[in-house]
Amino acid sequence: MPSPPPTSSPPQLNDTSDVSAERRFLEAEDRLREAIEELQRRQRSARQLHQLPCDHADESCVANAIGNLCQSFLLSYGVRVGIGILLRAFKLARGKSYSSLLDLKQLVSEKNLIVREEACRIGLLFGGFTGSYHALRCLLRKLRKEETPMNAILAGSVAGLSILALDDSNRRRTLALYLLARLAQCAYNSAKSKNKFHLWGSHWRHGDSLLFSLACAQVMYAFVMRPESLPKSYQDFIQKTGPVARPVYKAVRDCCRGSHVDVASLSAFLASKKGHNFVKLEEFPSIIPCSIIHPDTNSCLAHNAKAASATFRKTFPLYFSLTFVPFVVLRLQKFMDAPVRTCWLAVKGAVRSTSFLSAFVGIFQAVICLHRKVATKDHKLVYWVAGGMAALSVLLEKKARRGELALYVLPRAGDSLWYILVNRHFLPDIKNAEVALFCACMGGIMYYLEHEPDTMAPFLRGLIRRFLASRISNPGTTSNRSASYSYLQALDAMKKPKLQDNRDAETSASEKYNLESIPGL
């Protein structure tokens with residue numbers, strides 16, 4: 001029989017060479033891993049002995065705080081000025097003065113566009129908070145030599161003194177109450193996620209609409225019966241949005257309180273209305289009739305429809321400005337990528353929100369007129385009920401927007417209730433109490449932002465992070481991990497089971513042992 005062919009020796013030499021090279025590479029890999037782990041141990045020891053590093057390694061703490069202050073100031077200043085310019089443009093367009101839109105003197109002059117002081121104050125509020133918050137975080141990190149939730153609470157509370165940039169105590173109180181509502185929302189969501197607390201009815205599908213109705217009931221009651229309990233700007237907004245004149249509201253208020261009605265001023269108002277039929281006025285009427293509430297229209301149904309359409313025309317520019325300008329300023333890159341789609345979404349959102357507000361006005365007036373058809377005596381609770389029923393128009397809004405609207409109106413309802421209780425001496429009148437409340441709320445908000453961000457509404461979380469220059473890092477994230485951590489992760493990923501045949505090992509060797517695949521090399 002023929003003898004088998006002799007085996008060749010070169011393949012054995014090649015296999016031995018590959019195994020030896022692989023062993024040397026693995027040994028080098030182990031030494032590199034040990035060196036990196038030793039470096040990390042030394043870094044941790046240095047942190048414990050000295051201080052924790054800040055998350056802005058490329059610049060000093062002072063430069064980081066000043067940079068964030070300027071960025072937030074310019075951002076908030078630009079949003080306020082942009083809204084003012086767009087509203088001015090709508091006003092000129094409504095007056096059929098289209099050529100004046102190209103005239104900068106009429107469009108942005110100080111005489112016609114008085115927003116500089118307000119924009120500066122808003123810029124100082126947001127910029128001052130952002131800059132001082134970053135500075136205080138760095139200072140507390142160095143002094144306490146540890147990173148704890150208390151750092152965020154203390155920094156947020158002290159930085160909250162930036163609310164003093166607003167000179168109107170009513171605006172400060174409204175903002176403080178708004179944050180209080182947001183803080184309560186975060187605390188409730190946190191407790192609910194941990195199975196510690198659960199409100200009855202919180203699972204209801206329209207629970208947010210119910211909260212909005214209760215808040216609107218208090219606001220509309222306050223507007224009719226206690227207008228002094230609402231901020232002046234909010235009073236003017238409701239007055240301009242609604243179709244009923246100020247003297248009529250005063251007459252209704254006096255009638256409900258049993259006081260004498262100012263017949264002279266009411267007669268002067270009615271005399272200025274064209275086509276008004278003569279109505280006998282009394283100093284102590286039991287109810288103000290519909291013929292005085294809407295003297296221009298005899299039909300209540302026609303009056304309500306006219307009020308709703310007029311509200312739509314008056315408020316659409318405002319809602320479009322509030323939708324379009326913040327989106328462009330805060331998300332400039334998205335706007336540049338798709339400007340047409342951005343404009344369409346802004347128009348669509350503005351139409352929906354304006355329809356909601358128009359329906360609110362129409363329903364409120366309809367309830368008032370209906371009450372006069374079936375009753376002969378007025379009562380102040382009628383306006384509380386009318387406000388609650390009119391708030392059902394919020395169902396026209398998106399589901400996600402209803403909760404935001406409820407938390408927007410709730411502070412104004414709380415503001416009004418606070419004023420009434422203080423006025424009746426049920427609560428003490430403490431000077432600058434709204435500043436202390438705002439500081440405490442900001443401390444809690446910053447804690448939840450950094451340590452329990454999922455408890456916050458996405459809108460509020462994104463807005464705060466945008467103004468804080470997006471430098472807030474949550475515990476457990478990879479934002480503060482060093483480059484050596486990336487090396488170890490790459491080395492772990494490179495450790496794979498041995499291949500079964502040499503052909504696969506030869507084809508993958510260049511990828512498996514390529515140092516260029518490690519980040520940083």
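Restricting the stretch 150-254 to trypsin sites (Lys or Arg not before Pro) that sit in a DSSP loop and have at most 13 other Cβ atoms within 10 Å of their own Cβ leaves Lys194, Lys196, Arg205.
The chymotrypsin sites (Phe, Trp or Tyr not before Pro) found in the stretch 335-442 that occupy coil by DSSP, while having at most 14 further C-beta atoms within 10 Å, are Phe426. At an R0 of 22 angstrom, the distance between the Cβ atoms of Met336 and Glu404 translates into a FRET efficiency of 0.25. With a Förster radius of 60 Å applied to the beta-carbon distance between Lys373 and Lys145, the computed FRET efficiency rounds to 0.25. Got a sec? Charge dipole of the stretch 202-317, +1 on Cβ for Lys and Arg, -1 for Asp and Glu; which of Gly258, Ser233, Val219 is way out at the positive end? Selected residue: Ser233. For chymotrypsin sites (Phe, Trp or Tyr not before Pro), the sites in the stretch 200-267 that DSSP calls loop and that have at most 16 other Cβ atoms within 10 Å are Trp200, Trp204.
Here the stretch 98-183 has 64 percent of its accessible surface on carbon and sulfur atoms, given a 1.4 Å probe and all protein chains in place.
Taking every protein chain into account, the accessible area of the stretch 270-360 amounts to 58 square angstrom per residue (probe 1.4 Å).
Residues Leu104, Leu139, sorted by accessible area with the largest first, give Leu104, Leu139 [1.4 Å probe; ligands and nucleic acids excluded]. What the stretch 375-423 shows is 48 Å² of accessible area per residue, with the surface traced by a 1.4 Å probe over protein heavy atoms. Heavy-atom accessible area, probed at 1.4 angstrom with all protein chains present, ranks Val81, Val244, Val340, Val385 as Val340, Val385, Val81, Val244, highest first.
The values are calculated or read from the model by the stated rules, or taken from the named source; none is laboratory data. Since we're looking at a predicted model, the values are computed, not measured. A quick note on method: Cβ atoms are made from the backbone with ideal geometry, for glycine too, and the neighbour counts reach across all protein chains shown. Calculation scope for accessible area: heavy atoms of the full protein, side chains included, ligands and nucleic acids excluded. Shrake-Rupley method; radii C 1.70, N 1.55, O 1.52, S 1.80 Å.
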